[in-house]
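The values are calculated or read from the model by the stated rules, or taken from the named source; none is laboratory data. These numbers were taken from a predicted model, which means no experiment stands behind them. Cβ atoms come from the backbone with ideal geometry, glycine included; neighbour counts cover every protein chain shown.
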Amino acid sequence: MKLTETKLKGCFIFEHDLYKDERGTFQEAYNRKDFERLTGLKVDFVQDNISTSKNGVLRGLHFQKEPHGQAKLIKVLRGEVLDVIVDLRKDSKTFGEHLKLKIKASEGKSIFIPKGMAHGFLCLSEETVFQYKCDAFYNPNSESGIVYNDPDLAIDWGHPSAELILSEKDRHLPVLKALQL
């Protein structure tokens, strides 16, 4: 397994070993001992979520406000996404910056997103199955987000806005400047 820290401190890309033979593939998607050894972090994942999305679906940019913030370990199980992470940690050198990654299930990568970051993704394949391991339980009163087309973030989703499929909630999220962080 290979680990790379991104420009957003504490956000890591895991490239898992993928074993292939005539039967198919095998991959160890998560191992607590390896995670702790490579990152130096002890994270107790308590909830797994799985979403399915069709081509053009944009989910995000979501986060949980403190004291119910969530660190996440994300993985594409089927398909491909454009994944976007925004640093919302006011004391961070990269506050307000974002990271964009294309993630394909066939590559076997996982991304660790620490607390204090917003996350979203755009489905680029006919169907995507996406998994989130979370270190805190979902709390509806702490649910928040940033609108996908915030002009200050200037995220290029690489897809015409008129063709994006968004929930009504995601269409009406506030811009980053309007949030009380």
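See the values below:
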{"quantity": "Subset tally (residues that are among the acidic types (D, E), assigned to a strand (DSSP E or B) and touching a residue at least 12 places away in the same chain (Cβ under 8 Å)) for region 1-25", "calculated": "1"}
{"quantity": "Residue satisfying all of: in region 69-96; of a type in the set (A, V, I, L, M, F, W, C) and in a loop (DSSP other than H, G, I, E, B); nearest to I50 (Cα to Cα) among these", "calculated": "A71"}
{"quantity": "Subset tally (residues that are out of contact with any strand residue (DSSP E or B) (no Cβ under 7 Å at 6 or more places or on another chain), closer than 18 Å to D48 by Cα and hydrophobic (A, V, I, L, M, F, W, C)) for region 137-154", "calculated": "0"}
{"quantity": "Total residues in region 26-61, condition of a type outside the set (D, E), closer than 21 Å to L77 by Cβ and assigned to a loop (DSSP other than H, G, I, E, B)", "calculated": "8"}
{"quantity": "Selection from region 18-53 of residues that are over 14 Å from A105 (Cβ atoms) and among the polar types (S, T, N, Q)", "calculated": "N31, T39, Q47, N49"}
{"quantity": "Selected residue [under 24 Å from F35 (Cβ atoms) and small (G, A, S)] from G69, G96", "calculated": "G69"}
{"quantity": "Some residue of region 162-169 being surrounded by fewer than 16 Cβ atoms within 10 Å (Cβ to Cβ), hydroxyl-bearing (S, T, Y) and at pLDDT 95 or above", "calculated": "yes"}
{"quantity": "Selection within region 19-78 - closer than 30 Å to E163 by Cβ and small (G, A, S)", "calculated": "S51, S53, G56, G60"}
{"quantity": "Subset of region 106-120 that is outside any strand (DSSP E or B) and buried (at least 18 other Cβ atoms within 10 Å of the Cβ) - its residue that is farthest from the chain's Cα centre (by Cα)", "calculated": "G108"}
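Here's the yes/no breakdown for (1) surrounded by 18 or more Cβ atoms within 10 Å (Cβ to Cβ); (2) free of Cβ contacts under 8 Å to residues at least 24 places away in the same chain; (3) not in a strand (DSSP E or B):
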| site | (1), (2), (3) |
| --- | --- |
| L122 | yes, no, no |
| A136 | yes, no, yes |
| N149 | no, yes, yes |
| H159 | no, no, yes |
